[in-house]
Amino acid sequence: MNNTKLKSTISGIMLCLITALLAIYLSDLVGMGLLGFEKSPLSPIIFAILLGLIINNMTVELIKLEPGFKFCIKYVLKLGIIFLGIRLSLLDFVQYGSNSLIVIIPCILSSIIIITLLKDKFDVSENLSLLIAVGTSICGATAIVALAPSINAKKTEITYAIANITVFGLLAMFFYPFIANNVFSNDLSIGLFLGSSIHETAQVAGSGLIYAEQYSRQDVVGIAMLTKLVRNTLMVIVIPYLAHRSLSNNNTKPNVSTIFPYFIIGFIVFGLVRTFGDYYFLNQNDSVINNWNLIIHYIKQSAEFLLIIAMAAIGYNTNLKYFKKLGIKPFYLGFIAASMVGLISISIIGLLIV
């Protein structure tokens, strides 16, 4: 990395860090200072993204700091997600993981089927439809980028697909926590809904934190993230299948090792640490137990702060002017697919989980 890029990366990270601190301050100022709540009902996540969006779209100078924003999205976000594993025990992994598959698999299949059936109606190419399908059903931009080389997708098709899941994923991130609270009554159902219906891993993390801040129910974050990470691992099945279907006469095959979300291993490790720590310290004296609980608390707080930094980076990395240049038809298709996944998730959870 040359000196110029290093300076840009560090400056971008520092801007996201400052924005995260400002977002936390604004959350407390508005929620507690102005609205009078004991704890702010407005998540710092919302302020971090809005600040990034507003500042980024008011100036063109911030493009120089893009390496720092991408670093936060790629590394800081994943570290925050890994730390979130401390919220769950091994028993939670088994219980929530098995329930999540019941919801995730129909959502993935329905998304792919719906987009395949409607792509001609909206005059969307085969490649673009596959990219939108995999981005909506699996894990947003990561799945899109992983599939694109295997189907020889054009750069414009990749851009359209990522713009699609960015727009509808951000909308879902803001609104789904409130929809979930009105539709469901327990943490398991809410976490499964957020984790199975929102596109990006970052968006699921943000949505879970918004819900936790708004309704003081912290378990939802861990359930939503576990559901999303189970969903992410299905890339290793879905992407090779779609690539094979699209390029049956082509020898290009996706490399499973490059698309597997390895940070899920860190998430599980922290879950195991929580499990064995709780078991080991169960019969210790109060001082030891208090210290263990304090460690868990600091890891949770670190996870949330890292995710706020990453959300600020997402705001800074989103240029609204760019969306104006894109055609509208692929967005119709993306909207229908995203809406159907949400409705199917609600229906399955209502029928089989609640």
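The values are calculated or read from the model by the stated rules, or taken from the named source; none is laboratory data. Keep in mind the model is a prediction, meaning the values are calculated, not measured. Neighbour counts are summed over all protein chains in view; Cβ atoms, including those assigned to glycine, are modelled from backbone coordinates with ideal geometry. Just so you know, the surface numbers come from the protein's heavy atoms only, side chains and all, with ligands and any DNA or RNA stripped out. Shrake-Rupley method; radii C 1.70, N 1.55, O 1.52, S 1.80 Å.
When you scan the range 83-90, do you find a residue that is of a type outside the set (Gly, Ala, Ser), open to solvent by 50 Å² or more (accessible area, probe 1.4 Å), under 24 Å from Gln203 (Cβ atoms) and part of a helix (DSSP H, G or I), even just one? I'd like the intermediate steps shown before the answer.
Filtering the range 83-90 for residues of a type outside the set (Gly, Ala, Ser) gives 83-84, 86-88, 90.
Cutting the leftovers down to open to solvent by 50 Å² or more (accessible area, probe 1.4 Å) gives us 90.
Now narrow it down to the ones that are under 24 Å from Gln203 (Cβ atoms): none.
Taking every residue of the range 83-90 in turn, none turns out to be of a type outside the set (Gly, Ala, Ser), open to solvent by 50 Å² or more (accessible area, probe 1.4 Å), under 24 Å from Gln203 (Cβ atoms) and part of a helix (DSSP H, G or I).
Testing Ile138 on (1) within 21 Å of Ile165 (Cα to Cα); (2) in contact (Cβ under 8 Å) with a residue 12 or more places away in the chain; (3) open to solvent by 50 Å² or more (accessible area, probe 1.4 Å); (4) not small (Gly, Ala, Ser), one condition comes back false. Which one is that?
Every listed condition holds for Ile138 apart from (3).
Condition first: modelled with pLDDT of 85 or more, surrounded by 19 or more Cβ atoms within 10 Å (Cβ to Cβ), of a type in the set (Val, Ile, Thr) and in a helix (DSSP H, G or I). Can you find one or more residues in the range 305-316 that meet it?
Taking every residue of the range 305-316 in turn, at least one turns out to be modelled with pLDDT of 85 or more, surrounded by 19 or more Cβ atoms within 10 Å (Cβ to Cβ), of a type in the set (Val, Ile, Thr) and in a helix (DSSP H, G or I).
Does Ile165 fit the bill of being buried (at least 23 other Cβ atoms within 10 Å of the Cβ) and of a type outside the set (Ser, Thr, Tyr)? Explain how you work it out, then say what you get.
Values: buried (at least 23 other Cβ atoms within 10 Å of the Cβ): yes; of a type outside the set (Ser, Thr, Tyr): yes.
Yes: the conditions hold for Ile165.
Under the condition of being within 30 Å of Lys300 (Cβ to Cβ) and surrounded by 20 or more Cβ atoms within 10 Å (Cβ to Cβ), which residue from the range 56-70 is modelled with the lowest pLDDT?
Asn56
Could you tell me which numbered condition Ala205 fails, if it satisfies all but one of (1) open to solvent by 20 Å² or more (accessible area, probe 1.4 Å); (2) at pLDDT below 90; (3) of a type outside the set (S, T, N, Q)?
(1)
Looking at Thr116 and the list (1) within 29 Å of Ile336 (Cβ to Cβ); (2) in contact (Cβ under 8 Å) with a residue 24 or more places away in the chain; (3) part of a helix (DSSP H, G or I), which single condition is not satisfied?
Among (1) within 29 Å of Ile336 (Cβ to Cβ); (2) in contact (Cβ under 8 Å) with a residue 24 or more places away in the chain; (3) part of a helix (DSSP H, G or I), the lone unmet condition for Thr116 is (2).
Considering only residues of the range 281-294 that are part of a helix (DSSP H, G or I) and open to solvent by 90 Å² or more (accessible area, probe 1.4 Å), which is modelled with the lowest pLDDT? Outline the logic, then answer.
At the first step, the residues of the range 281-294 found to be part of a helix (DSSP H, G or I) are 286-294.
After this cut, where a residue has to be open to solvent by 90 Å² or more (accessible area, probe 1.4 Å) as well, the list is 286, 290.
Values: Asp286: 79, Asn290: 87.
Looking at residues that are part of a helix (DSSP H, G or I) and open to solvent by 90 Å² or more (accessible area, probe 1.4 Å), I get Asp286.
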